Amino acid sequence: MSEQLEFHEVTAERWTDLERLFEASGGPKYCWCMVWRSMARGERKDSTAKKTALLSRVQSAVPIGILGYRGTDPVAWCSIAPREAYRDFVGKSVPADKQDNVWSLVCLFVPRKLRGRGLTKRIIAAAIDHARAKGAGVVEAYPVDPESPSYRFMGLVPSLYQR
């Protein structure tokens, strides 16, 4: 995909763009990228509740990730935020990690019709740049083996994460 792409943090002003991307055919409207984020105890866990929980974070200016745009159309999503924005999915944090301001990249989405054009690599690079611009000392990711039966939304080893 050699055309011009722009990448922007999801803010309250860009929420409708995230909705368009997630609610389009094949979009991740079932999870709303809440798999690694905590929800209140006793809170419903259906897609409507997940969408509401993610919107609440955006309205509270909690970082949730970035969108990739082709013109005015959102064409890619990357969940990247400070590690503290996610539930504890990597075990107890080492105190030294906190001083490095660790950001975690945990989810990617590109519509099926746009896959295979290098867009995922471009949004990963933009996500890393975004995290660094926000003060990240370390950016971590959790890609899986291409033969993995699940969690493929976290990216694949090794091709996507080589810079």
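Read the figures in this text as sums done on the coordinates, not as results from a lab. Nothing here was measured: the structure is a model prediction, and the numbers come from that model. Virtual Cβ from ideal backbone geometry, glycine too; neighbours counted across all protein chains shown.
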- Rounded to whole Hz, the Karplus (6.51, -1.76, 1.60) HN-Hα couplings of the range 4-9, x for glycine and proline: 5, 10, 10, 10, 9, 5
- Item | Under 14 Å, Cβ to Cβ, from residue 8 - net charge with Lys/Arg +1 and Asp/Glu -1 | -1
- Using modelled backbone amide H atoms (1.01 Å from N, in-plane), which distant-in-sequence or interchain residues come within less than 5 Å of residue 101's amide H? 137
- Report the chymotrypsin sites (Phe, Trp or Tyr not before Pro) located in the range 20-60 that are in a DSSP loop and have at most 11 other Cβ atoms inside 10 Å of their Cβ, or state none. 30
- ³J(HN,Hα), Karplus 6.51/-1.76/1.60, whole Hz, each residue of the range 70-80, x for Gly, Pro: 10, x, 9, 8, x, 10, 7, 9, 9, 7, 9
- Kindly state, to the nearest 0.05, the FRET efficiency for residue 125 paired with residue 73, given R0 = 30 Å and r defined as their beta-carbon distance. 0.90
- Query: So which trypsin sites (Lys or Arg not before Pro) in the range 1-88 end up in coil per DSSP with only 16 or fewer other C-beta atoms within 10 Å?
  - Reply: 29, 41, 44, 45, 87
- Message: For a quick check: with amide H placed at 1.01 Å from N, whose amide H comes under 5 Å from residue 141's, ignoring anything fewer than 5 positions away on the same chain?
- Response: 105
